[in-house]
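Heads up, the thing below is written out as structure tokens.
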Amino acid sequence: LTMRFDTREEAESYCEREGIPYQVIEPKAPARRQKAYADNFAFQRGEPWTH
């Protein structure tokens, strides 16, 4: 079961209040995709290339 809360403290207090064992997993930073210079001119680019 996965539950999401705005803050870690809210999650911990809810679980302790309800007697639910819990494990907090910190969110990971999103991985950035390395782009090549040629990607600016790719045919399948989402937006048209402009100056």
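Readers should treat all values here as calculations from the given coordinates under stated rules, not as data from a laboratory. What you see is a predicted model; the values in this text were computed from it and never measured. Here the Cβ positions follow ideal geometry from the backbone for every residue, glycine too, while neighbour counts run over all protein chains shown.
Worth pointing out:
- Where a residue in the stretch 25-50 is closer than 25 Å to Arg8 by Cβ and its partner, wherever it lies, is in a helix (DSSP H, G or I), with Cβ under 9 Å and at least six apart: Glu26/Arg8
- Some residue of the stretch 3-10 being without any contact (Cβ under 8 Å) to a residue 40 or more places away in the chain, out of contact with any helix residue (DSSP H, G or I) (no Cβ under 8 Å at 6 or more places or on another chain) and of a type in the set (Phe, Trp, Tyr): no
- Test: residue in the stretch 17-26 that is assigned to a helix (DSSP H, G or I), out of contact with any Pro (no Cβ under 8 Å at 6 or more places or on another chain) and polar (S, T, N, Q): no
- Residues located in the stretch 1-33, provided they are within 12 Å of the chain's Cα centre (by Cα) and on the phi > 0 side of the Ramachandran plot: none
- Selection of the stretch 40-50 for residues being within 24 Å of the chain's Cα centre (by Cα) and surrounded by 10 or more Cβ atoms within 10 Å (Cβ to Cβ) yields only Arg45.
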